[in-house]
Amino acid sequence: MSDNGILDLRGVLCPINWVKTKLALEELPQGEILEVIIDDGEPMRNVPRSAKEDGHRVLKVRPEGEGAYRLTIQRGT
């Protein structure tokens, strides 16, 4: 994770991008926010779905340059 609290996973393949996101979320207290930048395509289909299935909330999804998205995820239980 970068110094500004953003996990930049552009170029990281599935399922490693979800594994890294999950590990970062586990380090946060419940209710805290993690921002993750992921590529469009398979990562964009899988990471938000996996986060929801694990009990986290995807609060916002917005474009982050060409071919990438920034997810704002709130840690759940």
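The values are calculated or read from the model by the stated rules, or taken from the named source; none is laboratory data. This is a predicted model, so every value here is computed, not measured. Using ideal geometry, Cβ is built from the backbone for each residue, glycine included, and neighbour counts are taken over all protein chains shown. Each accessible area value is taken on the protein alone, full model and side chains, heavy atoms only, with ligands, DNA and RNA left out. Shrake-Rupley method; radii C 1.70, N 1.55, O 1.52, S 1.80 Å.
How many residues does region 38-49 hold that are open to solvent by less than 20 Å² (accessible area, probe 1.4 Å) and either among the aliphatic types (A, V, I, L, M) or in contact with a Ser or Thr (Cβ under 8 Å, 6 or more places away or on another chain) (or both)?
2
Count, please, the residues in region 51-64 that happen to be closer than 12 Å to G76 by Cβ and not in a strand (DSSP E or B).
Here the count works out to 6.
When both residues are 6+ apart or on different chains and their Cβ atoms are under 7 Å apart, which pairs have a first residue that lies in region 53-66 and is free of Cβ contacts under 8 Å to residues at least 40 places away in the same chain, and a second that is open to solvent by 70 Å² or more (accessible area, probe 1.4 Å)?
D54/K22; G55/T77; V58/K52
I'd like to verify a number: residues in region 24-45 that are under 14 Å from V58 (Cβ atoms), of a type in the set (D, E, K, R) and part of a strand (DSSP E or B), how many?
Final tally of qualifying residues: 1.
Take the residues of region 57-77 that are over 23 Å from G11 (Cβ atoms) and open to solvent by 20 Å² or more (accessible area, probe 1.4 Å): which is modelled with the lowest pLDDT?
T77
Going by the structure shown, is T77 among the β-branched types (V, I, T) and either within 10 Å of the chain's Cα centre (by Cα) or in a strand (DSSP E or B) (or both)?
The answer is no for T77.
Which of the following residues is among the charged types (D, E, K, R) and loosely packed, with under 13 Cβ neighbours inside 10 Å: E35, E26?
E26
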